[in-house]
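Comments concern the structure below.
The values are calculated or read from the model by the stated rules, or taken from the named source; none is laboratory data. The shown structure was predicted, so the numbers you read here are calculated from the model rather than taken from an experiment. Cβ placement follows ideal geometry from the backbone for every residue including glycine, while neighbour counts extend to all protein chains displayed.
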Amino acid sequence: MKSNKLIEAKYKLTLSEIKLIFTLISQIKPDDEAFKMYSIKVKDLIDMLNIISENYYTTIKTTLKGLLSKPVIIEDKNYKNDYLMCNWVSSAKYTGKEGVINIELSQQLKPYLLELKSHFTVYGLDSILKLKSVYSIRLYEILLKEYHYYGKKRISFVFSIKELKAMLGIKENEYLLFSNFKIKILDVAEKELKAKSSLYFEYKTIKTGRAITDIEFTVIEKEKKQKQLITTDD
């Protein structure tokens, strides 16, 4: 369960890092009043991240270092230029004898992950872990938030390309050609979500003059998994 403000936040993580964060968040109970030390077995982490290299220790260590060093930026839309910047994780401890990693989430994230009574989105961890593109994961939760807000089986809404890139952690000087952005980000996510998720999207471009400036998304839910996909409270 995530606050919608955290879903709208700006950050960029690797596929392994974002899957680990979602796994940690899934351990938080709705009535928790404080963060706990969350534990993950190394063997479970290897399976979850699809680590096939014998040097799994280095891969896991790199993932944890990434979460300790990459900030998430949460903007306050009610007050222009106000924002919170913090890391996802405040500490991570590996105990080889027990084969366990203990991780503590940043205390600054408590308002966005604990005791949420409204303006949040819930989704199944399985829907996240089977995706292979970090942009598919980010678009999934961004679109799911909008779906939850409107509560319809098929909805449409518009994001500016600038706004969308910011939420996806893409710098303004990256993917300057829309064709590259389309092929490497939008088309990949569209195809993967349609194949693997019960919530997927179609999209079309919107021009201002001759330039493509906005994307209109249509979010579609597959009937069979409707009740399994979303639990909400607003």
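So for the range 20-35 (the condition being at pLDDT below 85 and hydroxyl-bearing (Ser, Thr, Tyr)), does at least one residue qualify?
no
Have a look at SER179, SER156 and point out the one that is among the hydroxyl-bearing types (Ser, Thr, Tyr) and in contact (Cβ under 8 Å) with a residue 12 or more places away in the chain. Give the derivation first.
Details: SER179 fails: in contact (Cβ under 8 Å) with a residue 12 or more places away in the chain.
So the residue among SER179, SER156 that is among the hydroxyl-bearing types (Ser, Thr, Tyr) and in contact (Cβ under 8 Å) with a residue 12 or more places away in the chain is SER156.
Within the range 125-149, track down each residue that is part of a helix (DSSP H, G or I), modelled with pLDDT of 85 or more and either surrounded by fewer than 18 Cβ atoms within 10 Å (Cβ to Cβ) or on the phi > 0 side of the Ramachandran plot (or both).
Residue satisfying the conditions is LEU129 alone.
Somewhere in the range 67-78, is a residue at pLDDT 90 or above and of a type in the set (S, T, N, Q)?
Yes, the range 67-78 has at least one match.
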